[in-house]
1. At 1.4 Å probe size, put Tyr207, Tyr410 in order of accessible surface, largest to smallest.
2. Just read off the accessible area of Ile10 with the full protein assembly in place, 1.4 Å probe, to the nearest 10 Å².
3. Could you give the length gained on full extension between Thr34 and His544, defined as 0.36 nm per residue of separation minus the Cα-Cα distance, in nm?
4. To the nearest Å, what is the center-to-center distance of segment 52-93 and segment 392-417, using C-alpha atoms only?
5. For Leu6, what accessible area in Å² do you get when you roll a 1.4 Å probe over the heavy atoms of the protein chains, rounding to the nearest 10?
6. Between Ala267 and Val19, 0.36 nm times their residue separation minus their Cα-Cα distance comes to what?
7. Starting from the 7 Å offset along Cα-to-Cβ, what nm value, one decimal, do you get for the label separation of Cys225 and Val42?
8. Leaving out ligands, DNA and RNA but keeping every protein chain, what accessible area does Phe512 have, in Å² rounded to the nearest 10, with a 1.4 Å probe?
Amino acid sequence: MGLLRLPLVIYPWFAWLAVLLGFKAADSGSTVPTVLLIGPAVLIGLMIRLDVWSARVLSPRERARKLLSDGTGIVYALVFVWYAYAAGFLPSIVDFWHRHSSLGRYEIVLALFLAGHGHLPVVAAVTRVPILGSIYAVFEWFAVRKGWTAFLVGIGSGDRGIAEFAAWLVFFEFLAQLHHLFVSKHPPLWRFRRIEAHHYFGGTPAYRRMVAELWIEEDVRGKTCPGLGLVHTLCDEAMVAAQDKDPHPEMARFLKAEKRPGQAAKAWLDAASELLAQATRALPDPGPAQRRELDLAEAHLVRFRAHLEGSLGQRERALASQRRVRELWTKHDLHNLSANNLCVELIGARAEETQPVVPEHALAELHRHLGRPDLVPYVRCSLLLLAAEYATLTGDFESAASMRTLRHQYVIGRTDFRVLNGEQRAAGMPTFPARQYRMTLASLEVLDARTRGHAVTVDEGTRPPRIILSNLPGGRAGAQAEAGMRLWLLGRTTEAAAMLSEAADLLQRGGFNAEAFTVLYELGTAQRVTDPAAAYATLTQALHLQQRLRAGLADTGLRLATGSATEHLARTLTDLLLRTLPAPAPPALTIFDLVELSRSRVLLDQLGTRPTRPITYPALRALLAEAG
C-alpha cells in the first residue's frame, strides 16, 4: 500500500519544480521576457495538479500506474535536457532552430500540431496507417509531455525564439488537457478509465480481489464521497461489448480484454454489480453523500440492464428497470435527466409499437414530470409533445391540441443541453452533443406529425417508416433521414424513399451499420404494399447487412436474440416473392436459400457456433444427385 501511495506523493512536486525553475530563470537575469518563463511554468504546474485531481476517479493501483507513467515522461525530459546542457548540445539546438527560419515563422502552427498529437491514434485507426501510433508514442513520451522538454530547453538556452515556441506549446497543451478532462471523453470514456476497466475485467480472480480490496480501503470505506468511478466505467464497457463495434477503435492498442466470441455484455455488468455490492457492504450506514453515490451507481447499472433486457425481448422487465432508474435519479434531484430518459423510452415504444406501454400509465407519468418546476425548456417541450401523442391515443383530442399549442411557448437554447449534460456527468455517464438532443426532438416532431396525419390504427402494410431519428448520428446522414421522414408524412413517398436509401448508404460508409440496417428495414417494411419490387430490393440489402452485423457481435446471447429478426426478414422476403411480385414465378433456389438462411442461422446460434454460409440450392441438388 505504501508503494502505491508513493507516486501520488511524489508526482505533485513536479508542479513546484516547474514553478521554481521558471522563477529561478527569471531571477538569474535571463534575456527571455519574464512572462515567457513564469507563464509556462505556472501552466505546467496547473496541468500536473489537474492530473492528480483527475486520477482520483481511478482505483489505487491504476492511479499509481497512471501517475508513474506521467512522472516517468517528465523525468525523461529532465534527463534529456540535463544531458544536452552538460554535453554542450544546447547551442547546437539553438543554432538549428535559427538556421531553419520556417520553424520560428510557423511556431504557432507547429506548437498546435504537437499539442494535438493525441488525435493521432484516431487518425491511425481511420487511415489504417500503423506508424502513426508509433509517432504518437514518441510525441507522448519524449517530444511533448506537457511541453516540459521545450520549456526546459527554452530556459536552459536563454533563447527567446525557443522560449516563445515553448510558451505556445505549453499553452496549447493546457487547453487540450482542459478540453479532454471537462468537455470531451473524460467521464467515463477517458482512456485511463477504460484501460483500468479492461485490466480488472481481464484479470485473474486473485487480481480482481486485490484490486477490489485496495479500492474499498482507499476510496470507499470511511470516505464522505466514495469514489465509484470503476463501477461506472464497467457499466459503459458493458454497453460497448453489446455493440457491433467499439465507438472508439483507436483504443484497441491500449485495451487488454478484446472483444471475442462468447464474451457476454452481461459479464461486464456482473463485474460492476459485484463491485457495487462490495461498496454497499463497506458502507452499512451511509450518509447522504454516500447514499447518493451508491444510488447513482446503481442507476447506471440498472439502466444498462434495462437496455440488455430490451435487446433480449424481456420488455416488461426492461420497463420495470427503467422505472427504477428514474426513481433513483429523481430521488437525487436529477429531474431533467429522469424526464429525458422517459421521453427516449416512450419514443422507442411508439416508434416500434412492440413495448407494452399502456397510454393511460404513460400519460400519468408524463404529467408527474411536467409538474416539476425546474425543467429546462427542451425537456418540457419533449414531455408536452409526448403527452399530446398519448392523449391522442386515448381519444382526448382537446388536451392533445392544448399541449401542442403550449409547447410553442418555450424557447430551446444551448443552455438546456448544458444542464442536461451536467446531470449526465453527475450520474457518472457520458455526455452528448447538442445535435443528439435536437435529433431526439426531431423524432418527436415526426412522431407527432405521423399521429396527426394518419389514423391511430395504421395498416401494417401502409404505415410510414418507424425510424427513431435520435438513434442516428448527426451530420448529413441524420439530416437526410429526417428530411426523408418528413417527406413521407407529406405523401411524397418516392422522394422520401430515395433520401432514406441515401441516408442508409451514408451511414454504412461512416461505419454505422446497425443504424443503416434500421433505416433499410423500416423503409423496406413501409414499401411492401406501395412498391413491392423496391421493398424486396431494400429488405434484401437489410438482410445482408444484418448478417454482417450478427457475425460481428461478440455477445453470444445478443447474437442469439437477433435470430428472430433473421427469420422474420427471410419470411417477409419469401412472402414478397410468392404472393406479391408479378410473373415470372420466382426461382426455387432463391426461396430455398431464404428458408435455409433463416433455419441455419438460428440453429447455429443455438448451438453456440458462429454463423457460417448455409448450403445453397445448387449444392443440395448436386449432393442429392451424387447420393442417388
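The values are calculated or read from the model by the stated rules, or taken from the named source; none is laboratory data. Since we're looking at a predicted model, the values are computed, not measured. Cβ coordinates were reconstructed from backbone atoms using ideal geometry, including for glycine residues, and neighbour counts include every protein chain displayed. Surface accessibility is based on the protein's heavy atoms, side chains included, excluding ligands, DNA and RNA. Shrake-Rupley method; radii C 1.70, N 1.55, O 1.52, S 1.80 Å.
1. Details: Tyr207 45, Tyr410 80 Å².
Reading off the accessible areas and sorting them downward yields Tyr410, Tyr207.
2. Approximately 90 Å² of Ile10 is accessible to the 1.4 Å probe.
3. Details: separation 510, 0.36 × 510 = 183.60 nm, distance 6.55 nm.
Taking Thr34 through His544 to full extension adds about 177.1 nm, to one decimal.
4. So the two Cα centres are separated by 56 Å.
5. About 80 Å², rounded to the nearest 10.
6. That works out to 84.6 nm of additional length.
7. 2.6
8. Approximately 80 Å² of Phe512 is accessible to the 1.4 Å probe.
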